[in-house]
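Quick notes on the structure that follows.
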Amino acid sequence: MLYAIISEDVPDSLPLRKQARPAHLARLEALRDQGRLQLAGPHPAIDSDDPGPAGFTGSLVIAEFESLSDAQAWADADPYMDAGVYASVTVKPFKRVLP
């Protein structure tokens with residue numbers, strides 16, 4: 001089943017994101033290589049693809065997991081969690097309707 005992992009950043013998270021980004025991306029690439037990643041990316045703090053120093057306010061990952069508990073465990077082990085980037089993370093089932 002698909003699950004949405006919706007993360008909200010702490011204020012001024014950009015320096016923390018930069019430090020943990022390589023490890024964060026490596027985990028996403030592993031999901032992609034397994035054919036389980038549907039979508040992943042950050043929410044820019046301003047209306048721009050490159051928000052510069054404004055940074056980001058959170059992230060969205062939609063991926064396939066065996067269960068909600070597996071999706072939650074994967075989210076809990078995110079390097080952004082360890083680095084203190086995220087203030088909160090919500091994991092919930094997701095049903096693709098379109099496309």
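Looking across region 50-83 at every residue that is closer than 26 Å to V97 by Cβ and assigned to a loop (DSSP other than H, G, I, E, B), the one that is nearest to the chain's Cα centre (by Cα) is identified as F65.
Inspect all residues belonging to region 46-55 and state whether any of them is of a type outside the set (V, I, T), closer than 20 Å to T90 by Cα and crowded, with 17+ Cβ neighbours inside 10 Å. Checking region 46-55: not a single residue is of a type outside the set (V, I, T), closer than 20 Å to T90 by Cα and crowded, with 17+ Cβ neighbours inside 10 Å. So, in region 2-49, how many residues would count as being touching a helix residue (DSSP H, G or I) at 6+ places or on another chain (Cβ under 6 Å) and either touching a residue at least 12 places away in the same chain (Cβ under 8 Å) or in a helix (DSSP H, G or I) (or both)? Residues flagged as touching a helix residue (DSSP H, G or I) at 6+ places or on another chain (Cβ under 6 Å) and either touching a residue at least 12 places away in the same chain (Cβ under 8 Å) or in a helix (DSSP H, G or I) (or both) within region 2-49 amount to 8. Close Cβ contacts (under 6 Å, 6 or more residues apart or on different chains) running from residues in region 83-99 that are under 20 Å from Q38 (Cβ atoms) to residues that are surrounded by fewer than 18 Cβ atoms within 10 Å (Cβ to Cβ) and polar (S, T, N, Q) comprise V91/Q72.
Computed from the coordinates by the stated procedures, all read-outs in this text should not be read as laboratory data. Since the model is a prediction, treat every value here as computed from it, not as a measurement. Cβ sites come from the backbone with ideal geometry, for glycine too, and all protein chains shown count toward neighbours.
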